[in-house]
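First the structure, in the form of structure tokens, and then the observations on it.
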Amino acid sequence: MTLEKTGADHVDRLRAQWARELADLDTSPMSILGRIYRLSMLVRPGIEETFAAFGLDRGEFDVIATLRRAGAPYRLTPTELYRSLMITSGGLTHRLKRLEKAGLVKRAPSPEDGRSMMVELTSAGKTRAEEAFRADMASELALFAAMPQARRELLEELLRELTHTVMSSLADRQK
């Protein structure tokens with residue numbers, strides 16, 4: 001589908017309404033961020049449905065996926081986990097309790113420091129993480145089936161550039 005064929009979308013309609021009401025305001029950021037937000041909201045239910053089919057919510061999947069991506073022995077400290085997930089330690093504690101009860105993770109003393117604990121993916125957790133991730137990627141890949149590979153690669157490159165630009169801008173604001 002080319003840009004000429006897509007026509008106006010929800011964000012275009014919102015911008016037109018704002019242009020009518022506040023003609024002096026530059027609403028161009030909505031063209032990018034509004035669409036990113038809208039896409040996120042559109043795909044979220046399908047992603048959550050995929051994880052639910054594996055008995056997981058998105059937060060629980062994030063924990064077991066982080067442990068799986070860490071590589072063998074699929075073990076991290078709670079601090080490493082919550083920093084990677086960008087959540088509070090309290091939020092992690094609740095997720096870990098549910099995952100431990102489900103037999104997907106276990107807590108074990110650290111081999112380096114017996115006073116601290118490690119969170120480790122069980123064999124069942126490793127299997128569940130892999131199966132859920134494969135299903136999620138298949139579902140998400142299907143969303144892009146109509147978009148030519150070259151356009152997807154261009155979009156990926158532009159989004160990477162946008163991420164770097166926004167991160168740099170935010171870092172500059174904090175100085």
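Points worth noting:
- The residues of the stretch 37-59 that are in contact (Cβ under 8 Å) with a residue 40 or more places away in the chain and in a helix (DSSP H, G or I), listed by number, are VAL43, GLY46, ILE47, THR50, PHE51.
- Total residues in the stretch 72-86 satisfying the condition of being open to solvent by 70 Å² or more (accessible area, probe 1.4 Å) and aliphatic (A, V, I, L, M): the figure is 2.
- Residue satisfying all of: in the stretch 166-175; open to solvent by 80 Å² or more (accessible area, probe 1.4 Å) and not aliphatic (A, V, I, L, M); modelled with the lowest pLDDT among these: LYS175
- Annotation: GLU153 fulfils all but one of (1) assigned to a helix (DSSP H, G or I); (2) open to solvent by less than 90 Å² (accessible area, probe 1.4 Å); the unmet one is (2).
- Reported count of residues in the stretch 91-105, each being outside any helix (DSSP H, G or I) and surrounded by fewer than 21 Cβ atoms within 10 Å (Cβ to Cβ), is 2.
Conditions (1) over 22 Å from the mean Cα position of the chain (by Cα); (2) in contact (Cβ under 8 Å) with a residue 24 or more places away in the chain, marked per residue:
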residue	(1), (2)
LYS106	yes, no
PRO109	yes, no
MET118	yes, yes
LEU121	no, yes
THR127	no, no
GLU140	no, yes
MET147	no, yes
GLU161	no, no
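The values are calculated or read from the model by the stated rules, or taken from the named source; none is laboratory data. All values derive from a computational prediction rather than experimental measurement. In this analysis, Cβ positions are derived from the backbone assuming ideal geometry, glycine residues included, and neighbour counts consider all displayed protein chains. Just so you know, the surface numbers come from the protein's heavy atoms only, side chains and all, with ligands and any DNA or RNA stripped out. Shrake-Rupley method; radii C 1.70, N 1.55, O 1.52, S 1.80 Å.
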